[in-house]
Amino acid sequence: MAADGAAKDREAARRFAAQNRRARHDYQIDGTLETGIMLLGSEVKSLRAGRASLAEAWAGEKDGELYLFNCNIPEYAAANRFNHEPKRPRKLLVHRRERDKLLGAIKREGMTLVPLSVYFNPRGIAKVELGLAKGRRKEDKRQAVKDRDWQRDKSRLLRAKG
C-alpha cells in the first residue's frame with residue numbers, strides 16, 4: 001500500500017516540460033526508460049517555460065552514443081547572443097549496458113526509441129522518458145481505440161451497478 005502512495009507522490013512531483021501524446025497512439029510501447037539529457041543553459045530556461053515540442057522527435061545512435069534528434073526547444077529570448085540552435089541533436093545520458101541493450105533492440109528487432117516526455121524531477125534535473133516501441137498499422141490503431149473505449153464503458157457500467 002505504501003509503495004502505491006510513493007509512486008503517486010513521485011508522479012505528482014514531476015513537472016512536465018513537454019509530452020508526446022501521439023506516440024502512444026502511433027506506437028506499441030514495450031518498455032520505458034528514464035534518461036538524462038545534456039542541455040545548454042538557454043535550453044533549460046526554455047524548457048522551464050514549457051515551450052518544447054516532441055512531436056517529430058526520435059532517439060538513435062550517433063558515434064556510438066544515444067542522441068535525441070529533431071526535438072524542438074525554441075530559443076530563449078532573454079539569452080541574447082548566447083542562444084542555442086532549436087533542433088540540434090542532444091546527447092542522452094544512460095549507462096553503457098542500457099545503451100547497448102537499446103541499440104541492440106533497434107538493430108535486431110526493428111524497434112524505435114520514441115521520447116514520451118521531457119520533465120524535471122524533484123531535484124530540478126531535466127529527464128527524458130524514452131519508450132522502446134514498435135510501429136502500429138492503421139488496423140492496430142483502430143483496434144486499440146476500440147479496446148480503450150470498451151474498457152472505459154465497462155468501468156462505467158460496473159461503477160453504476162456497484
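The values are calculated or read from the model by the stated rules, or taken from the named source; none is laboratory data. Model, not experiment: these values are computed from the prediction. Don't worry about glycine lacking a Cβ; one is built from the backbone with ideal geometry, like all the others, and counts go over all protein chains shown.
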Hey, any hits in the stretch 89-102 for a residue that's of a type in the set (A, V, I, L, M), surrounded by fewer than 16 Cβ atoms within 10 Å (Cβ to Cβ) and either touching a Gly at 6+ places or on another chain (Cβ under 6 Å) or on the phi > 0 side of the Ramachandran plot (or both)?
-> yes
Of the conditions (1) touching a residue at least 40 places away in the same chain (Cβ under 8 Å); (2) outside any strand (DSSP E or B); (3) of a type in the set (D, E, K, R), ARG152 clears all except one; give me its number.
-> (1)
Note on the stretch 117-162: residues of a type in the set (A, V, I, L, M) and touching a Leu at 6+ places or on another chain (Cβ under 8 Å) are VAL118, ALA126, VAL128, LEU130, LEU132, ALA133
Could you list all residues from the stretch 59-105 that are among the hydrophobic types (A, V, I, L, M, F, W, C) and modelled with pLDDT under 85?
-> ALA77, ALA78, ALA79, PHE82
Could you please give the count of residues in the stretch 113-144 that are at pLDDT 85 or above and assigned to a helix (DSSP H, G or I)?
-> 1
The stretch 61-82, residues that are in a strand (DSSP E or B) and out of contact with any helix residue (DSSP H, G or I) (no Cβ under 7 Å at 6 or more places or on another chain) | LYS62, GLU65, TYR67, LEU68, PHE69, ASN72
Being among the polar types (S, T, N, Q) and out of contact with any Phe, Trp or Tyr (no Cβ under 6 Å at 6 or more places or on another chain) is the filter; apply it to the stretch 16-44 and report the residue that is nearest to ARG99 (Cα to Cα).
-> THR35
Would you mention how many residues in the stretch 127-144 are farther than 23 Å from LYS101 by Cα and in contact (Cβ under 8 Å) with a residue 24 or more places away in the chain?
-> 3
Going through the stretch 11-38 in order, the residues found to be surrounded by 18 or more Cβ atoms within 10 Å (Cβ to Cβ) and part of a loop (DSSP other than H, G, I, E, B) are ASN20
